[in-house]
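One structure is given below, encoded as structure tokens.
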Amino acid sequence: MGDIISMNKVKSLEPASAEKPLLALRDVTLAYADAGRRVVAAQDISLDVVEGDRIVLLGPSGCGKSTLLKAIGGFIAPESGTIDLAGAPVTKPSPDGMMVFQEFDQLLPWKTVLGNVMFPMVASRRFDRATARERAMETIGRVGLEKFSGAYPHTLSGGMKQRVAIARALALEPKMLLMDEPFGALDALTRRRMQHELLALWEELRFTLVFVTHGIDEAIIVGSRVFVMSSHPGSILSEFDVREFGDHSRADPAFARLEGEIEDMLLERKQRGPEYVI
């Protein structure tokens, strides 16, 4: 079984690596107003992500994990605490933190696969058009869609659209790839294939990944470290080192034991009911 690190207060832990973190969250609280009430989505989140790490935020629906991912991407500001990427505060969306969402309709329908992958490279002015085209074709090939570079999104399957979205994000060479339940709407077989392809891409490119899911098995397979979050308001319950597991581990008894332990942890927390701050 993977090593388990108990977390009463995440900030009291030693860093998972002596390496300087690429992403650092310190005491991050996220809140919003709802019918005149202040509702806390995530509370006192502290964690470090080193370059090349695969971090998974795992928790029940409504625990604030997607909201936390959006804050990491610069789409929303923390109520308190800090989020730093490569030593600089995250204050707005940036090509350094590219997001891939669950929705299949995140592609521009009037552009081909090639056009979709090229678009952010040209729009961000990181690359000239010729270089953007070359890089786009290379990245499209890496996700196995070189034969579909001229196809439009409406002709692609859901899994193919997700691969285009991943290629579009990776082509920019972001410091970090942020994925919000990207395979959640896929059927079981396609989801397994996409998990395998994502890990194969990581083996080749070694990008830094922050991945959100509510699937325990997916978290253990995709991640190198899994942060288990409590129900609303989200806080970190525990960190699991799952580097020994992977796509090959589904039939491993140790995999099943860890999956059961995390499930028990989440169910016990869920029985306590939601918490709100007014």
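The values are calculated or read from the model by the stated rules, or taken from the named source; none is laboratory data. Predicted model only: the values in this text are computed from it and were never measured. Glycine also receives a Cβ, built like all others from the backbone with ideal geometry; neighbour counts cover every protein chain displayed.
Flag set for residue 180, criterion: modelled with pLDDT of 90 or more, of a type outside the set (Gly, Ala, Ser) and assigned by TED's automatic domain parsing to the domain that holds residue 48. Scanning segment 138-164 for residues that are buried (at least 16 other Cβ atoms within 10 Å of the Cβ), aliphatic (A, V, I, L, M) and modelled with pLDDT of 90 or more yields a total of 4. Run down 189, 178, 267 and say which single residue is within 23 Å of residue 41 (Cβ to Cβ), without any contact (Cβ under 8 Å) to a residue 24 or more places away in the chain and either part of a helix (DSSP H, G or I) or within 16 Å of the chain's Cα centre (by Cα) (or both). Sole residue among the options that is within 23 Å of residue 41 (Cβ to Cβ), without any contact (Cβ under 8 Å) to a residue 24 or more places away in the chain and either part of a helix (DSSP H, G or I) or within 16 Å of the chain's Cα centre (by Cα) (or both): 267.
Residues of segment 223-255 that are among the aliphatic types (A, V, I, L, M) and under 11 Å from residue 57 (Cβ atoms): 226, 228, 229, 236.
Would a scan of segment 62-74 turn up a residue that is surrounded by 13 or more Cβ atoms within 10 Å (Cβ to Cβ), touching a residue at least 24 places away in the same chain (Cβ under 8 Å) and part of a strand (DSSP E or B)? No, there is no match, as no residue in segment 62-74 is surrounded by 13 or more Cβ atoms within 10 Å (Cβ to Cβ), touching a residue at least 24 places away in the same chain (Cβ under 8 Å) and part of a strand (DSSP E or B). Looking across segment 168-200, just one residue is more than 26 Å from residue 67 (Cβ to Cβ) and buried (at least 20 other Cβ atoms within 10 Å of the Cβ), and that is 171.
Restricting attention to segment 225-251, the residues that are outside any strand (DSSP E or B) and of a type in the set (D, E, K, R) total 4.
Only a single criterion out of (1) within 18 Å of residue 56 (Cα to Cα); (2) part of a helix (DSSP H, G or I); (3) touching a helix residue (DSSP H, G or I) at 6+ places or on another chain (Cβ under 8 Å) is not satisfied by residue 200, namely (3).
Taking residue 20 as the residue in question, decide whether it is in the same structural domain as residue 214 (by TED's automatic domain parsing) and within 14 Å of the chain's Cα centre (by Cα). For residue 20, the condition - in the same structural domain as residue 214 (by TED's automatic domain parsing) and within 14 Å of the chain's Cα centre (by Cα) - is not met.
Selection over segment 83-93 of residues that are touching a residue at least 24 places away in the same chain (Cβ under 8 Å) and on the phi < 0 side of the Ramachandran plot gives a count of 3. The single condition among (1) in contact (Cβ under 8 Å) with a residue 40 or more places away in the chain; (2) among the basic types (Lys, Arg); (3) loosely packed, with under 15 Cβ neighbours inside 10 Å that residue 126 does not satisfy is (3).
Residues in segment 34-70 that are at pLDDT 90 or above and among the charged types (D, E, K, R): 44, 48, 51, 53, 54, 65, 70.
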